Amino acid sequence: QVRLVESGGGLVQPGGSLRLSCAASGSIFTIYAMGWYRQPPGKQRELVAVITNGGITNYADSVKGRFTISRDNAKNTVTLQMNSLKPEDTAVYYCNAVPLSNLSWGQGTQVTVSS
């Protein structure tokens, strides 16, 4: 079974940056478009960034211009560069396929934006 492992979260001040990474245990990135999702406290999980097999990207309006998604199919990794972070970006961040398939969710990585 393929596992997704997210890392790179932490506590950062407003305006700061973080770089999240997602590693898969198998060669799945050539099969799926991949995305970063997030779940703020007390809210539903939402999709914030997508990258297709061909490298086409799309972003939620709330993060457009601040977040950048990228992928390395050879290394089975997807990254999310987050700049100009805001308190409302606080959430647990997950990677998974887009649209969702039979890939299990990883544990996610906590991002907290606070002064």
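The values are calculated or read from the model by the stated rules, or taken from the named source; none is laboratory data. These figures come from a predicted structure and were not determined experimentally. Counting neighbours? That spans all protein chains shown, and the Cβs are built from the backbone with ideal geometry, glycine included. Calculation scope for accessible area: heavy atoms of the full protein, side chains included, ligands and nucleic acids excluded. Shrake-Rupley method; radii C 1.70, N 1.55, O 1.52, S 1.80 Å.
Reported count of residues in region 79-115, each being at pLDDT 95 or above and among the aliphatic types (A, V, I, L, M), is 7. For first residues located in region 39-55 and closer than 18 Å to Q81 by Cβ, partners that are of a type in the set (S, T, Y) and lie 6+ apart or on another chain with Cβ distances below 6 Å form the pairs L47/Y37; A49/Y59; I51/T57.
Look at region 59-81: where a residue is within 10 Å of A49 (Cβ to Cβ) and part of a loop (DSSP other than H, G, I, E, B) and a partner is aliphatic (A, V, I, L, M) and at pLDDT 95 or above, sitting 6+ places away or on another chain with Cβ atoms under 8 Å, you get A60/L47; A60/V48; A60/A49; V63/V48; V63/A49; V63/M82.
Within region 1-22, which residues are open to solvent by less than 60 Å² (accessible area, probe 1.4 Å) and of a type in the set (V, I, T)? Within region 1-22, V2, V12 meet the criteria. Does at least one position in region 70-77 carry a residue that is at pLDDT 95 or above and open to solvent by less than 20 Å² (accessible area, probe 1.4 Å)? No, that holds for no residue. Taking region 23-54 as the range and being closer than 15 Å to A91 by Cβ and open to solvent by less than 40 Å² (accessible area, probe 1.4 Å) as the test, the residues that pass are G35, W36, Y37, R38, P40, V48, A49. For region 82-106, what are the residues that are assigned to a loop (DSSP other than H, G, I, E, B), of a type in the set (S, T, N, Q) and surrounded by 15 or more Cβ atoms within 10 Å (Cβ to Cβ)? Matches in region 82-106: T90 only. Going residue by residue through region 7-23, is there one that turns out to be part of a loop (DSSP other than H, G, I, E, B), free of Cβ contacts under 8 Å to residues at least 60 places away in the same chain and more than 11 Å from V111 (Cβ to Cβ)? Looking through region 7-23, none of the residues is part of a loop (DSSP other than H, G, I, E, B), free of Cβ contacts under 8 Å to residues at least 60 places away in the same chain and more than 11 Å from V111 (Cβ to Cβ). For T109, indicate whether it is open to solvent by 20 Å² or more (accessible area, probe 1.4 Å) and touching a residue at least 12 places away in the same chain (Cβ under 8 Å). Taking the combined requirement at face value, the residue does not satisfy it.
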